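Here's the structure we're looking at; comments come further down.
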Amino acid sequence: MSFDDLLAANREFASDFAYGGFDGVARAGVALVTCMDSRIDPLGMIGLEPGDAKIFRNPGGRVTEAALEAIVLGVHLLNVQRVLVVPHTRCAVASNSEEVIRERIAESAGVDATWQRFHVIEDQVATLGLDVHRVTSHPLVPETVEVGGFIYDVDTGLLDRKY
Ligand SMILES: [Zn+2]
């Protein structure tokens, strides 16, 4: 398999490209931290379009060091005023133990995977609370920035605010 199909689609995409020359600020003042899950459309779920928001994704939608880095950049340089932290229902890293995930990876890779760290989530709502706190307590995130923690339901498309 090569990238030919994707590059063909890219030429099509670029043929009526509307974002040339646009700056990189978050036009709607929004930053969103969410999971890599393919069922999530981070802009569509909150009615936004390209150019409106900063999106940071990783397994589980966790507020990692890199996510905080993105949020601080967003808040100070890219017009971010609201931050949404959005893990989701039926997330693989919130419904399997680290051991089980390692076993499955080892099975697929055919080699030992016990050294690979996976940040599994045992209590999704409690973890979301900690992650929201990580943002609000960051010394470079001013109190004027609104931070919310939500669970996205991949079966209804609805966001449920928890924090
Ligand atoms: Zn997920």
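Computed quantities for the displayed model
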read-out: Selection within region 70-82 - within 19 Å of the chain's Cα centre (by Cα) and either outside any strand (DSSP E or B) or over 18 Å from V33 (Cβ atoms) (or both); value: A70, I71, V72, L73, G74, V75, L78, N79, V80, Q81
read-out: Candidates D16, D37, filtered to the one that is buried (at least 17 other Cβ atoms within 10 Å of the Cβ), acidic (D, E) and either at positive phi or out of contact with any Asp or Glu (no Cβ under 9 Å at 6 or more places or on another chain) (or both); value: D37
read-out: Single residue of V85, V63 found to be within 15 Å of the ligand (Cβ to nearest atom), in contact with a helix residue (DSSP H, G or I) (Cβ under 8 Å, 6 or more places away or on another chain), in a strand (DSSP E or B) and β-branched (V, I, T); value: V85
read-out: Any hit, region 101-114, residues being surrounded by 12 or more Cβ atoms within 10 Å (Cβ to Cβ) and outside any helix (DSSP H, G or I); value: yes
read-out: Among (1) touching a helix residue (DSSP H, G or I) at 6+ places or on another chain (Cβ under 7 Å); (2) more than 14 Å from the ligand (Cβ to nearest atom); (3) part of a helix (DSSP H, G or I), the one test that A26 misses; value: (3)
read-out: Considering residues of region 40-60 that are on the phi > 0 side of the Ramachandran plot and free of Cβ contacts under 8 Å to residues at least 40 places away in the same chain only, the residue surrounded by the most Cβ atoms within 10 Å (Cβ to Cβ); value: G51
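Here, each number is a calculation from the coordinates, and none is a lab measurement. Predicted, not measured: the structure shown is a model, and the values here were computed from it. Don't worry about glycine lacking a Cβ; one is built from the backbone with ideal geometry, like all the others, and counts go over all protein chains shown.
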